[in-house]
Amino acid sequence: MSQSVKRAARIIDSIAAEPKSIARLADEFDLHRSTMFRELQALEEVGYARRRRDGTYALGFHLVALAQTSLESIDLREVAAGPLRRLHKSVGNTVHLAALMESSIVYVDKVEDANGVRMYSRIGAPVRPHCSGVGKAILANLDRPQRDAILAATDWKKYTENTITTRSKLDAELDDIAEQGFAVDDGEFEDFVNCVAVPIITRAGVVGALSVTAIRMVQDLETLTARLPLMQRTAAQIARALG
């Protein structure tokens, strides 16, 4: 890790303990005040520090929001662990759990197919929102600004013949998903894989989604959609536990 990154991390730790002035921080880190000012400016630009009215510096709101989002995703994984595994025991297929984190969607848990069929997805990896069941299930339950933020970095790559590659087509499908209460991935990322996904919606709004995934030749979408009542009960149970 570079010295500048280490120093920035230590400055964040310092102002997290209590708000401090430039002079006090400069003394603490044995830096010239102008150097410390530049360090704080850089942290302020990305929302990791903020200057208070009294001239001291405290943690920035963006950093606080990131911490809160991280805690929420941890809560989701912990709360969902039991219900997710009971769902897996009932269906046998690969079960995914994805969480909404700031302006991205991330896989936070996964239980592999009971028959040993491995899926591409990985815990901690970002979800491709335009061609995944969990991604579309979450997007369909977000307002326009939140949806825009998540899709801003989408490359709209055509992975298969069924991949949606335009915003207008995706928005039209998201309207249908919002109305019917579930999303599908009909071979949109890998043409031999399909899945059904349902959102997890608390009083605060959508926080994530869960899905059941299978190789198309083993179980098609019609077979997977028959599992929707069980999936929806599981999602509702998780949502109630989250409050």
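The values are calculated or read from the model by the stated rules, or taken from the named source; none is laboratory data. Since we're looking at a predicted model, the values are computed, not measured. Note that each Cβ is placed from the backbone with ideal geometry, even for glycine, and that neighbours are counted across all protein chains shown.
Restricting 204, 235, 241 to those that are closer than 28 Å to residue 159 by Cβ and either surrounded by fewer than 19 Cβ atoms within 10 Å (Cβ to Cβ) or in contact with a helix residue (DSSP H, G or I) (Cβ under 9 Å, 6 or more places away or on another chain) (or both) reduces the list to 235.
For every residue, the table says whether it meets (1) free of Cβ contacts under 8 Å to residues at least 12 places away in the same chain; (2) among the aliphatic types (A, V, I, L, M); (3) within 24 Å of residue 101 (Cβ to Cβ); (4) outside the structural domain of residue 79 (by TED's automatic domain parsing).
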site: 174; (1), (2), (3), (4): no, yes, yes, no
site: 194; (1), (2), (3), (4): no, no, no, no
site: 202; (1), (2), (3), (4): no, no, yes, no
site: 218; (1), (2), (3), (4): no, yes, no, no
site: 224; (1), (2), (3), (4): no, yes, no, no
site: 227; (1), (2), (3), (4): no, no, no, no
site: 231; (1), (2), (3), (4): no, yes, yes, no
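Filtering segment 13-26 to residues that are loosely packed, with under 14 Cβ neighbours inside 10 Å and either of a type in the set (Gly, Ala, Ser) or at pLDDT 95 or above (or both) leaves 17, 23.
Hey, does segment 179-201 have a residue that's exposed (fewer than 15 other Cβ atoms within 10 Å of the Cβ) and at pLDDT 95 or above? Walk me through how you get there before you give the answer.
Taking segment 179-201 as the starting set, the residues that turn out to be exposed (fewer than 15 other Cβ atoms within 10 Å of the Cβ) are 179-180, 191-192.
Those left that are additionally at pLDDT 95 or above: 179-180.
Yes: one or more hits.
Suppose we filter 54, 27 for residues that are out of contact with any strand residue (DSSP E or B) (no Cβ under 9 Å at 6 or more places or on another chain), more than 30 Å from residue 208 (Cα to Cα) and assigned to a loop (DSSP other than H, G, I, E, B); which single one remains? Before the answer, list the steps.
On the way: 27 fails: assigned to a loop (DSSP other than H, G, I, E, B).
Matching residue, one of 54, 27: 54.
Scanning segment 124-164 for residues that are exposed (fewer than 15 other Cβ atoms within 10 Å of the Cβ) and either touching a Phe, Trp or Tyr at 6+ places or on another chain (Cβ under 6 Å) or among the acidic types (Asp, Glu) (or both) yields 125, 143, 148, 155, 161.
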